[in-house]
Amino acid sequence: MKILVLGGDGYLGWPTSLHLAERGHDVAIVDSFHRRLWDHELGADSLIPILTLQDRVALWERLGKRPIRTFVGDITDWEFVGHVFTSFRPESIVHYAEHRSAPFSMLSRRHAVVTQVNNVVGTLNILFAMRDLAPESHLVKLGTMGEYGTPNIDIEEGFIEIHHNGRSDVLPYPKRASSFYHLSKVHDSNNIEFVCRAWGIRSTDLNQGVVYGVHTEETSLDTGLSTRFDYDDVWGTALNRFCVEAAIDHPITVYGKGGQTRGFLDIRDTLQCVELAILNPPAEGEYRVFNQFTEQFSVQDLAEKVRDGAEKIGWNPIIENIANPRVEMEEHYYNARHTKLMDLGLQPHYLSETLIDGLLETVKAHGGRVNKRLLYPRHNWKQGLLEDVEPGDRL
Ligand code: NAD
Ligand code: USQ
C-alpha cells in the first residue's frame, strides 16, 4: 500500500515509517522540521541524539531496506500539500504532523495561536486534498485521550447513546479538553467527522494516551535510526520524564497530589495500532474512533513504579510532589473503554512486563546530555511562561 506519513521526522512518525516500510509498504514522509525549530525556541533537545531526516533515510537504505521518499514542507501550505498528493497518490495517510505539547500551547497567546493554526489548518488542507485528489484514501489521524478530559462517567470510544426527554440518539461523546493543544484535537475531530458525512471520506481517529519508551524493532537496528526522546518540561511526557529524572538523581516531579489518571501505551503498540487501523479500513463515509492505550495509571503510581525499578538496580531516587503548573483534577474517576483495537488483534506490551530498569539504563547512558534547567516547570496554566524562573526554581 502507498502510505503517506505526515510528521515522519517526529518521535512516533519516524519509527512508524520504518515499521511500515519493513512490512513491505511504499512509504513517503512529510515533515516541515517545525519540531526541531520549536525545540530551539525553548532551548530543548532530544535526550538521544538524532540524525537529520536525510541521513536517517540514507542509513536505512544502506542497510538494504525498502527506500522511503521524503517531502520537506508544511502541510498548512496548500500548494505543497497538492504537490505531495499528486506526485505520491497515497492510499492511506497517517497524520502525526501536529503541534503536540499542551504546555507549549499555554505559554502565551502566540503559542496558543501557533498550535491551533498549525493543527486545525494543516488538517483542513489534508481533508480537502483527500476530497479532490485521493477520494478513496483512508485518513488515520492521531487524536488524543485528552479530548475527553476526566468526566465523572465512563468514557466510551467516540460515541455515546443519549436518552433525553423520551427520545434517544447516538452522538459524539462530549469533550472537555484541558489545554489549547488538546482543544485543537477536538476541533480536528469535529471537522473530520463532518467531512466523512458530507463528502464520504474514510477516517479513523485514534484517541491516543501518553506514549512511553524509545526502542522499536527497526530503530534498534542501528543507533543512527534512533527516534527522539523528550524530557524537558514542555515536550517531555510523564513516564519518559520520570525515567530521566531518576537516572540523573533528580527528584521525580509528580505534579500536585498525583491522582491524575491517564491512559498509557508502549511506543511499540502505537506502531501496531496504526498498522491495524490501516489494514482494516473503514467504509466510505465512515468516521470511527478508537481509544488507543493499553493501561491506565495515576501519575503517582507511575512515579512509584519508576522509583521501584530504579531501586532494583541500586539507585535511590526520591519522589517530589511539586506545585501543579496545570489546571486539572488531581483526584477523579477515570474509566475509559479501549476494546476496539484489541478486537482487531492488538497484542499489548504491558508496563509490568516492560523492564523499566532497561529503559532507565538506556536513558542513563545519555545522562550527560540532560539540561537540568529544563526539568522543573518554567510555566503554569494561568500565567504562561515564567520569564524570571531561575535554574532549579520551582513554582
Ligand atoms: P513530535 O513533535 O515528535 O512529531 C510531530 C512531527 O510533525 C514533527 O516532526 C514536526 O516537525 C511535524 N509537524 C508539525 N507540524 C507540521 C506541519 N504543519 N507540517 C509538516 N510537519 C509538521 O510528536 P509525536 O510525539 O511524534 O506525536 C505525533 C502525533 O501523535 C501528534 O499529533 C500528537 O498529538 C499525537 N500524540 C502523541 C502522544 C505522545 O505521547 N507522544 C500521545 C498522544 C497523541
Ligand atoms: N505530569 C506530572 N509530572 C511531570 C509531567 C507530567 O505529574 O513531570 C502529569 C501532568 O500533570 C498530567 C499527566 O502527567 O496530569 C500527563 O502529562 P504529560 O505531559 O505526560 O501528557 P500530556 O500533556 O497530556 O500530553 C501528552 C502528549 C500529547 C498527547 C497526550 C495524550 O504530549 O501529545 O496528546 O499526552 S493524553 O494525555 O491522553 O491526552
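Where nothing but the Cβ of Lys and Arg (+1) and of Asp and Glu (-1) is charged, how large is the charge dipole of the stretch 269-395 around its Cα centre, in debye to the nearest 20? If you can, show how the numbers build up before the last one.
Working: 14 positive and 21 negative charges, 64 e Å.
So the dipole magnitude of the stretch 269-395 works out to roughly 300 debye.
Regarding the stretch 111-211, what is the average projected area of its C-alpha convex hull, in nm²? Could you put the intermediate results ahead of the total?
On the way: hull surface 31.1 nm².
Approximately 7.8 nm², given one-decimal rounding.
Only Lys, Arg, Asp and Glu count, each charged at its Cβ (+1, +1, -1, -1), so figure out the dipole size of the chain about its Cα centre, rounded to 20 debye.
Working: 40 positive and 55 negative charges, 93 e Å.
Using Cβ point charges on Lys, Arg, Asp and Glu, the chain gives about 440 debye.
If I stretch the segment between Leu59 and His164 completely, what's the gain in nm (0.36 nm per residue apart, minus their alpha carbon distance), one decimal? Could you put the intermediate results ahead of the total?
Values: separation 105, 0.36 × 105 = 37.80 nm, distance 5.86 nm.
Result: 31.9 nm gained on full extension.
So who's got an amide H within less than 5 Å of the one on Ile252, skipping anything under 5 residues away but keeping other chains? H placed 1.01 Å off N, in plane.
Here Ile318, Ile319, Glu320 satisfy the definition.
Identify, among Gly309, Ser298, Ser352, the residue whose Cα sits farthest towards the positive end of the charge dipole of the stretch 268-360, taking +1 on the Cβ of Lys and Arg and -1 on the Cβ of Asp and Glu, with the dipole about the Cα centre.
Ser352
If you count only protein heavy atoms with a 1.4 Å probe, what accessible area per residue comes out for the chain, rounded to a whole Å²? Spell out each step's value before the answer.
Working: 16430 Å² over 395 residues.
The answer is 42 Å² per residue.
Per the Kirkwood definition applied to all pairs of different Cα atoms, how many angstroms is the hydrodynamic radius of the stretch 294-386?
Numbers: mean 1/r = 0.0603 Å⁻¹.
The answer is 16.6 Å.
Once the dipole of the chain is set up with Lys and Arg at +1 and Asp and Glu at -1 on Cβ about the Cα centre, which of Pro174, Ile29, Leu133 lies farthest towards its positive end?
The listed residue farthest towards the positive side: Leu133.
Using all C-alpha to C-alpha distances in the stretch 47-157, build P(r) with 10 Å bins and read off the rounded percent in each one.
Bin by bin from 0 Å, the calculated values are 11, 31, 34, 20, 4, 0.
What would the Debye formula give as log10 I(q)/I(0) at q = 0.08 Å⁻¹ for the alpha-carbon point model of the chain, no solvent?
Taken in order of the listed q values, log10 I(q)/I(0) reads -0.40.
Amide H neighbours of Ile29 under 5 Å, at least 5 residues apart or on other chains, H built in the peptide plane: list them.
Result for Ile29 returns Val5, Arg69, Thr70, Phe71.
Considering only protein heavy atoms, with the full assembly of protein chains and a 1.4 angstrom probe, order Arg307, Arg35 by accessible area, largest first. Write down the numbers at each step before the final one.
Values: Arg307 70, Arg35 40 Å².
Per-residue accessible area, sorted high to low, gives Arg307, Arg35.
Looking only at Ala21, Ala246, Ala365, which one moves most when the chain is put into a Gaussian network model with springs between Cα atoms under 10 Å?
Ranking Ala21, Ala246, Ala365 by mean-square fluctuation puts Ala365 first.
So how do 272-281, 169-178 stack up, highest first, on mean other-Cβ count within 10 Å?
On the way: 272-281: 20.9, 169-178: 14.8.
Answer by packing, highest mean first, reads 272-281, 169-178.
In the stretch 2-393, carbon and sulfur make up what percent of the accessible area (probe 1.4 Å)? Please report the intermediate quantities before stating the final value.
Values: 8070 of 16140 Å².
After summing per-atom areas, the C and S share lands at 50 percent.
Between Val72 and Val117, what FRET efficiency comes out of the Förster formula 1/(1 + (r/R0)^6) with R0 = 25 Å and r the beta carbon distance, rounded to 0.05? Intermediate results must be reported in sequence, preceding the final value.
On the way: r = 20 Å, r/R0 = 0.79.
Result of the calculation: an efficiency of 0.80.
For the stretch 43-49, take each phi angle, set θ = phi - 60°, evaluate the Karplus expression 6.51 cos²θ - 1.76 cosθ + 1.60, and give the result in whole Hz per residue in order, putting x for glycine and proline.
Along the stretch 43-49, the couplings run x, 9, 7, 4, 4, 8, x Hz.
If you rank Met106, Met342 by how much accessible surface each has, with a 1.4 Å probe, what is the order from largest down?
Numbers: Met106 30, Met342 80 Å².
The ranking, largest first, comes out as Met342, Met106.
I need the calculated FRET efficiency for the pair His40 and Glu284, taking r as the beta carbon distance and R₀ as 30 Å, to the nearest 0.05.
Details: r = 43 Å, r/R0 = 1.43.
Taking R0 as 30 Å, the efficiency between His40 and Glu284 is 0.10.
Run the helix sum for the chain: -39,500 (n - 2.57) per DSSP H stretch of 4+ residues, divided by residue count, reported at 222 nm to the nearest 500 deg cm²/dmol. Don't jump to the answer; show the numbers that get you there.
Numbers: 13 runs with 135 residues, N = 395.
One gets -10000 deg cm²/dmol as the mean residue ellipticity at 222 nm.
The values are calculated or read from the model by the stated rules, or taken from the named source; none is laboratory data. This is a predicted model, so every value here is computed, not measured. Don't worry about glycine lacking a Cβ; one is built from the backbone with ideal geometry, like all the others, and counts go over all protein chains shown. Ligands, DNA and RNA are excluded from the accessible area calculation, which covers all protein heavy atoms including side chains. Shrake-Rupley method; radii C 1.70, N 1.55, O 1.52, S 1.80 Å.
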